[in-house]
Amino acid sequence: MGRIIKMPVELPAMEIGAMVGDWWEEINESTQWQDGIFYALCGAYALVSAVALIQLIRIELRVPEYGWTTQKVFHLMNFIVNGVRAIVFGFHKQVFTMNPQALVLVLLDLPGLLFFSTYTLLVLFWAEIYHQARSLPTDKLRVVYISVNVAMYFVQVCIWVYLWVDDNSIVELIGKIFIAVVSILAALGFLVYGGRLFFMLRRFPIESKGRRKKLHEVGSVTAICFTCFLIRCFVVNLYTT
């Protein structure tokens, strides 16, 4: 019997690209696919929001005497950010048909700004730990955090108000570039202070399992948050081009 040799089927790169493009166009034009994705995102954000709320309640029940610590505020803001995202994705049909268009941009951009405030609060917390360990002043850190956030919201509100009055595509583009700049600043914040804290902790002898876990947490969160904000910056830039 003759031996049957199976020849590999090779598709040209252009054909593969065309197939992927057709698949993406099919998803992009399918309301069923879009609804499914949006509802899945709604469920995911709602789950994260619920976890943040549970964590906040647990901490409050465990140590109620400390008041509103940075950790409690962080979980509260996480609850709000992800809750708003869940609502936006859950009611996306109503959101995308709102008038004026500036209101849609507010609902879409506001959670991103709150996300920035939430996770730069974590950067502030790490910066305070690093400065205290190095016997450096920490007074100005909170001032910088508040100033950056106030300036960010002020600029973004001005953009929203202008778009409310005059739906200008150039101003809308400026708003997207502004979001990209905010994202890259957050990424740099995590890289600088997360990296500093990580390498500082590595210098100490890691004797206990708890210290190893804390070192792993700082490194993981730094890498994940830096990557997330960097990807957000690239996605916004890609969307503007």
Practice problem: Determine, yes or no, whether Leu103 is under 28 Å from Leu47 (Cβ atoms), assigned to a helix (DSSP H, G or I), over 20 Å from the mean Cα position of the chain (by Cα) and of a type in the set (A, V, I, L, M). | Solution: yes
Check your understanding: Has the stretch 146-156 got any residue that is without any contact (Cβ under 8 Å) to a residue 12 or more places away in the chain and crowded, with 17+ Cβ neighbours inside 10 Å?
Key -> no
A careful count of residues in the stretch 89-100 that are modelled with pLDDT under 90, in a helix (DSSP H, G or I) and either in contact with a helix residue (DSSP H, G or I) (Cβ under 9 Å, 6 or more places away or on another chain) or among the β-branched types (Val, Ile, Thr) (or both) gives 4
Taking the stretch 185-223 and the residues there that are at pLDDT 80 or above and polar (S, T, N, Q), the one that is surrounded by the most Cβ atoms within 10 Å (Cβ to Cβ) would be Thr222
Scanning the stretch 84-108 for residues that are among the aromatic types (Phe, Trp, Tyr) and surrounded by fewer than 18 Cβ atoms within 10 Å (Cβ to Cβ), the one farthest from Trp164 (Cα to Cα) turns out to be Phe91
Margin query: Just to be sure before I move on: is Phe226 at pLDDT 85 or above and of a type in the set (A, V, I, L, M, F, W, C) in the structure I sent?
Written below: yes
Of the residues in the stretch 46-84, those that are over 14 Å from Leu114 (Cα atoms), in contact (Cβ under 8 Å) with a residue 40 or more places away in the chain and either outside any helix (DSSP H, G or I) or of a type outside the set (S, T, N, Q) (or both) come to Ala46
| said: Would you confirm, using the coordinates I've provided, whether Arg58 is modelled with pLDDT of 90 or more and not assigned by TED's automatic domain parsing to the domain that holds Val144? | reply: yes
Taking the stretch 29-58 and keeping residues closer than 27 Å to Thr69 by Cβ and of a type in the set (Gly, Ala, Ser) leaves Ala46, Ser49, Ala50, Ala52
Condition set over 13 Å from the mean Cα position of the chain (by Cα) and more than 21 Å from Thr69 (Cβ to Cβ), scope the stretch 109-136, selection surrounded by the fewest Cβ atoms within 10 Å (Cβ to Cβ): answer is Ser135
- Could we say that Phe115 is out of contact with any Lys or Arg (no Cβ under 6 Å at 6 or more places or on another chain), in the same structural domain as Ala46 (by TED's automatic domain parsing) and either of a type outside the set (D, E, K, R) or assigned to a helix (DSSP H, G or I) (or both) here? no
Any chance Asn78 is assigned by TED's automatic domain parsing to the domain that holds Gly36 and under 23 Å from Ala180 (Cα atoms): yes
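The values are calculated or read from the model by the stated rules, or taken from the named source; none is laboratory data. Bear in mind the structure is a predicted one, so any value in this text is a computation, not a measurement. With ideal geometry, Cβ positions are generated from the backbone for all residues, glycine too; neighbour counts draw on all protein chains shown.
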